[in-house]
Amino acid sequence: MKEWIVVACRAEAKIFERDNKLQDLRWVETLTNKKGRHKERDFESDKPGRSYAKFSMVTSPHNLEGTNSHVETVAIHFAHTIGKILVAAYNEGRFKKAIILADPRFLGKIKREIKISARDEIFNFIAKSIEKASAEQIRSHIVSSVIK
């Protein structure tokens, strides 16, 4: 039974596979998000716009800002891409189970994007920020997290 292990952050997602629980990880694919490493200031050229609302006889200024920051929007789009790829790969029979490791905030975004009926039986979500870890370190994190 093939199992996929996905180690993700908002800038990159590494996909590994293994045939059984004891076998070493084999690299499958790396998804990159070039904008994922940017800071909020990299997206902004100036302050948000202003609007003037008139309440009775007084005019007061208001900042015009969106609900999500640019960094947050980029992370949501990348999580959507990861979720779409995982669902498609599962439907094609490329794996039977998957373990996804990501920092807690990004993991929640990925989890929301995986729209599959038996999601919790197929996917094991581990809140761990280890995107720079080696394959051996990833394997040891999986073993320690799944055994708990």
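The values are calculated or read from the model by the stated rules, or taken from the named source; none is laboratory data. Computed from a predicted structure; not experimentally measured. Counting neighbours? That spans all protein chains shown, and the Cβs are built from the backbone with ideal geometry, glycine included. These area figures cover heavy atoms from the full protein model, side chains too; ligands, DNA and RNA do not enter into them. Shrake-Rupley method; radii C 1.70, N 1.55, O 1.52, S 1.80 Å.
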>> Suppose the filter is hydrophobic (A, V, I, L, M, F, W, C) and at pLDDT 60 or above; does V6 pass it?
In response: yes
> If you take the residues of region 109-120 that are within 17 Å of A89 (Cβ to Cβ) and among the charged types (D, E, K, R), which of them is least open to solvent (accessible area, probe 1.4 Å)?
Replying inline: E113
> Looking at F95, F106, which one is open to solvent by less than 20 Å² (accessible area, probe 1.4 Å), in contact (Cβ under 8 Å) with a residue 40 or more places away in the chain and assigned to a loop (DSSP other than H, G, I, E, B)?
Replying inline: F95
> Can you pull out the residues in region 121-139 that are part of a helix (DSSP H, G or I), open to solvent by 60 Å² or more (accessible area, probe 1.4 Å) and modelled with pLDDT under 85?
Replying inline: E136, Q137
> Does region 86-103 contain any residue that is in contact with a helix residue (DSSP H, G or I) (Cβ under 9 Å, 6 or more places away or on another chain) and of a type in the set (S, T, N, Q)?
Replying inline: no
